[in-house]
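Shown next, in structure tokens, is the structure this report addresses.
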DNA sequence: GACACTTCTTGATAAATGTCAAGTACTTCT
DNA sequence: AGAAGTACTTGACATTTATCAAGAAGTGTC
């Protein structure tokens, strides 16, 4: 039986025993979903941890008529609405797919049970959260220390693969600027 | 024997058995330190988790001649340099005390051992990271969705206790604006 | 292939915020 | 108390970035 990419990625974060891997496989769901699918809507509770096998997704807040992208995730990475998943409160953000995507997911209930069942499970839970935390930390530092142009350049440098696939208007709000500003930066007029 | 405020706060996050509490007490250090003490310097590895019993602390990045405050913590809360603590790489930020402070801390090595030793330890580790993550999440949302004035007003509303004690020039950079902008907002000239 | 729709570009202008500079009020230190 | 440093205020001006508007280019659909 082939190992799931989800599990491969997890074992790169924390080693998992054979028994744990087998158990984990039981609780995973794999779906092929088309572009524009809304995976999580505002008001729903995020009760799943998602993993993108192939494809692209983003989370965004609706701010009046504006959509403000809060998170972007490509293949081989995890995604959830942190606030809603961790607190089990209704989500303030929407998660939608930006490409046809193969999504692997597990419910929070199943994962919590799994975490408690294996000693390495709890460690995994911690490491996953820490993985997310480090991304927030870096992102916040970027917003505090860099100008719009530098934020764009850094993103392009660090995520060359995603950069070309994300509609710029979404990347713009993710990097805390308007689509017009981003367009001017990229056409070297700023 | 009186319970440490550190442990009180932890048990509010995750229940700890008597045995775990006793063990935890063994690894805690309590220090009374004067204002302006540098708790963690740039280049050092953050190998302790801190807890502020009384007092006030901040973390900041040096950006040329500018200091950019990245985190502010008052009594009854935890603090570390997330990047350095989690990756054990040299810290890019400084942690300093803004008031005379009673600091409780434990080394990462001792904590990791503690986490592994008790089933609730690992859960605690996760919950602590999640606690931090939720703060990052909220802060990032504030930066993305609010204007300078609204960020100040929200901070004043949500942290009335800290607000009056933090030198405004530090709070300003924490909220991603200059000291002058903050001054004008607070004197109602904006 | 033509239509509709969305994304991107570009320009003119405005608003928010930053920079520089000078002065005042507070603290802290001795 | 006086000196020295630090925090805050205020004004004039600069810069960055946003807003509004219109059009061009690209994409998906039937």
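The values are calculated or read from the model by the stated rules, or taken from the named source; none is laboratory data. If you're wondering where the values come from, they're calculated on a predicted model, not measured in any experiment. Positions of Cβ are backbone-derived with ideal geometry, glycine not excepted, and every protein chain shown enters the neighbour counts.
Does at least one position in segment A:82-91 carry a residue that is crowded, with 18+ Cβ neighbours inside 10 Å, within 27 Å of residue B:91 (Cβ to Cβ) and either at the interface with another protein chain (Cβ under 9 Å from one of its Cβ atoms) or modelled with pLDDT under 95 (or both)? The answer is yes; a qualifying residue exists. Only one of the numbered conditions (1) within 13 Å of DNA strand D (Cβ to nearest atom); (2) exposed (fewer than 15 other Cβ atoms within 10 Å of the Cβ); (3) at pLDDT 95 or above is not met by residue A:164, and that is (3).
Considering segment A:128-187, the qualifying helices (runs of 4 or more DSSP H), each wholly inside and each with 3 or more residues that are more than 12 Å from chain B (Cβ to nearest Cβ) and within 9 Å of DNA strand C (Cβ to nearest atom), run over A:168-174, A:179-186.
For segment B:111-126, the criterion of being more than 16 Å from DNA strand D (Cβ to nearest atom) and under 30 Å from residue A:178 (Cα atoms) is satisfied by no residue at all.
Checking each residue in segment B:62-95 for being assigned to a strand (DSSP E or B) and over 19 Å from residue B:171 (Cβ atoms) picks out B:78, B:90.
Considering B:121, B:116, the condition of being touching a helix residue (DSSP H, G or I) at 6+ places or on another chain (Cβ under 8 Å), within 14 Å of chain A (Cβ to nearest Cβ) and crowded, with 19+ Cβ neighbours inside 10 Å is satisfied by B:121 alone.
Only one entry in A:172, A:156 is near DNA strand D (Cβ under 8 Å from one of its atoms) and either farther than 20 Å from residue B:138 by Cα or surrounded by 15 or more Cβ atoms within 10 Å (Cβ to Cβ) (or both), namely A:172.
Out of (1) buried (at least 20 other Cβ atoms within 10 Å of the Cβ); (2) farther than 26 Å from residue A:172 by Cα, what's the single condition that is false for residue A:107? Here residue A:107 meets the rest and fails (1).
Conditions tested, residue by residue: (1) without any contact (Cβ under 8 Å) to a residue 60 or more places away in the chain; (2) under 20 Å from residue B:35 (Cβ atoms).
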position: B:88; (1), (2): yes, no
position: B:91; (1), (2): yes, no
position: B:95; (1), (2): yes, yes
position: B:106; (1), (2): no, no
position: B:111; (1), (2): no, no
